[in-house]
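A.B. asks: I have a structure I would like to understand better, so I am pasting it below and will then ask my questions one at a time.
Nothing in this text is a laboratory measurement; each read-out follows from the coordinates by a stated rule. Everything numeric in this text was worked out from a predicted model, so none of it was measured. Cβ sites come from the backbone with ideal geometry, for glycine too, and all protein chains shown count toward neighbours.
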Amino acid sequence: MCIRDSTKSVGIVAAICAVVGVSAIFLLTDTDNTSEVFENNQEISKLDIPTTFSEPIKISQSVENAQPSPNVIISDEGKIYVLYQDTVVNEIGTNLYLKTSTDNGKTFSEPVRVNSLDGNVALDGRVPPAISLGENNEVFVLWANQTEEPEMRMGVYRQLIFAKSLDDGQTFPSSMQIKTDLPAGKYFQDMKLSNDGIIHVAWLNGPSKLNEEGNLVKDRDRPRTLEYTQSVDGGQTFDTTKSLMSDPCPCCNVQVTAEDENVYVSWRAAFPNGEDKPAIRDMVIASSTDNGKTFSEPVRIAEDNFEFDGCVHVGAPMEIDSKGNLHTVWYTGKQGAPGMYYSTSTDNGKTFSEPIEVLVSDWIPPQRIFLTIDANDTVWVTWEDATGLSTNDRSWRYGDTQAMIYTAQIHDGEVIMADKPVNINESKSLTAIASSQDIVSIVWTEKDNSVMIASNQQ
């Protein structure tokens, strides 16, 4: 799939094409990368701190195939779980594996295959498989498969696959497909288990139908939607889905978080912007205070007015702190100050604070950014920093351009930047971050197709 892109806001002429999922090409202008951070016109200190992460440890390596989009989660007891893709078994499918560590990421167990059907995982560099942990040694995993459908866009069709382990990830019985009443491709999925045991799932829905020849094609009589469902019985069944928005941005990451009865779903919306102008693609959040039974109308995190005729494949990850406040980070290419921003909500997603700049300059290419909150309510942010490349090269492709992984802490509105990257070598694919108690772990894929992890024990 290629989508022709243009924007007035950051002077981009872009094409988004399929390369291990999707790549983006942006033509750039030379700029410097200095930035200051302000909130309500008051300067916020942006300090360098010593890097405290361990030397990276290799979890897995594939000689022949990419291992994009690993994911990580940490239990309350400090056990680290890492999901990663490996072993392409046909032209479009791969397998999903789980490894665990009980010594702060120093060593890892032998891999356990998660998917029961061989090759039933889409090899995707944009969307990591989702993982959540239950209170009784359950491990829940969600991903998208990929089957050939020649008349669909890109010639493939994706469905959501759910699996669970009842023995702390040692075995995974047969996985199941999360179905909808009407045929639809499902993309950019995410999942979160709330502390009451409810499984919350959201994704982008591409409506489809069977044509006269019996082949799946796009159903143009139904709009693309942002969909949500939940399971209250540990993943045995999932409720009828509900649509939270029609015609969202069609290929940017969806994010979910939940705690108690509060559920939040974030995505990039596409707002009309007048005739002959690109759509405004700002981040929105819909909130529920009744465990996902009903949701508010989507609320913009910030009035960025990011004009863009295409997708940047970057979402707005969220987490909830111990006081119930919602924290989120996102990328925007808004006029004059593109980059990564941070904001909070103290009223269940009704309103958001003035955005704080995490990494902003005259030109910051789309940076995939991820967030976690530790036991001290410190927000940890990690991202793939291609800023230097953007100033030196005329083009930037996030499907194959290498980047260094940086971190920052945010506490009481103060952004504290690490003094050096977490990785030693340039990374190749999505990074992810997780925390629990006094441990923070980051996983990523390097350009030699190895899955790496670094941990910080505070």
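A.B. asks: Please tell me which of these pairs span more than 32 angstrom C-alpha to C-alpha: Lys164/Lys323; Lys164/Lys293; Lys334/Lys420; Lys58/Lys164; Lys192/Lys277; Lys58/Lys323?
C.D. replies: Pairs exceeding 32 Å: Lys192/Lys277; Lys58/Lys323.
A.B. asks: Quick one: 3J(HN,Hα) in Hz for region 289-303, Karplus 6.51/-1.76/1.60 with θ = phi - 60°, rounded, Gly and Pro as x.
C.D. replies: 10, 10, 6, x, 5, 9, 10, 5, 5, x, 10, 5, 5, 8, 7
A.B. asks: Here is a further query. All other residues with a Cβ under 9 Å from the Cβ of Gln367 taken together, and with Lys, Arg as +1 and Asp, Glu as -1, what is their net charge?
C.D. replies: Here the count lands on -1.
A.B. asks: Something else now. For region 97-173, what is the relative contact order in percent, using Cα pairs closer than 8 Å and at least 6 residues apart in sequence?
C.D. replies: Reported relative contact order: 27 percent.
A.B. asks: Hey, what do the phi angles of region 431-443 turn into as Karplus ³J(HN,Hα) couplings, whole Hz, using 6.51/-1.76/1.60 and θ = phi - 60°, x for Gly and Pro?
C.D. replies: The phi angles translate into 9, 8, 9, 8, 8, 6, 6, 10, 10, 10, 10, 10, 10 Hz.
A.B. asks: For the residue pair Glu354 and Gln437, what label-to-label distance in nm results when each label sits 7 Å from Cα along the Cα-to-beta-carbon direction?
C.D. replies: For the pair Glu354/Gln437, the computed spacing is 4.0 nm.
A.B. asks: What is the sum of charges, Lys and Arg at +1 and Asp and Glu at -1, for the other residues whose Cβ falls under 12 Å from the Cβ of Glu261?
C.D. replies: Here the count lands on -3.
A.B. asks: By how many nm would the segment from Lys420 to Ser109 lengthen if fully extended, with 0.36 nm per residue of separation less the alpha-carbon distance?
C.D. replies: The Lys420-Ser109 span can extend by a further 109.0 nm.
A.B. asks: Can you give the percent of C-alpha pairs in region 251-386 whose distance is more than 26 Å?
C.D. replies: For region 251-386, the fraction of Cα-Cα distances above 26 Å is 20 percent.
A.B. asks: Once you place label points 7 Å from the Cα toward the Cβ at Met176 and Asp321, how far apart are they in nm?
C.D. replies: 3.8 nm
A.B. asks: In nm, to one decimal, how far is the modelled label at Thr294 from the one at Lys277, with both set 7 Å along Cα→Cβ?
C.D. replies: Going by the 7 Å Cα→Cβ label model, 3.4 nm.
A.B. asks: Once the other residues with Cβ under 14 Å from the Cβ of Pro183 are scored (Lys, Arg +1; Asp, Glu -1), what is the net sum?
C.D. replies: Net charge around Pro183: +2.
A.B. asks: Which ³J(HN,Hα) values in Hz, rounded to whole numbers, follow from the phi angles of region 242-247 under the Karplus curve 6.51 cos²θ - 1.76 cosθ + 1.60, where θ = phi - 60° and Gly and Pro get x?
C.D. replies: 10, 8, 9, 6, 8, 6
A.B. asks: Continuing with this model, one more query. Which of rounded, prolate, oblate describes region 90-193, given a ≥ b ≥ c as roots of the alpha-carbon gyration tensor eigenvalues and a/c under 1.5 marking rounded, otherwise prolate only if a/b is larger than b/c?
C.D. replies: Prolate, since a/c reaches 1.5 and a/b exceeds b/c.
A.B. asks: Check Val121: other-chain or 5+ apart residues with amide H under 5 Å from its amide H, H built from backbone geometry?
C.D. replies: Amide H neighbours of Val121: Thr94, Gln146.
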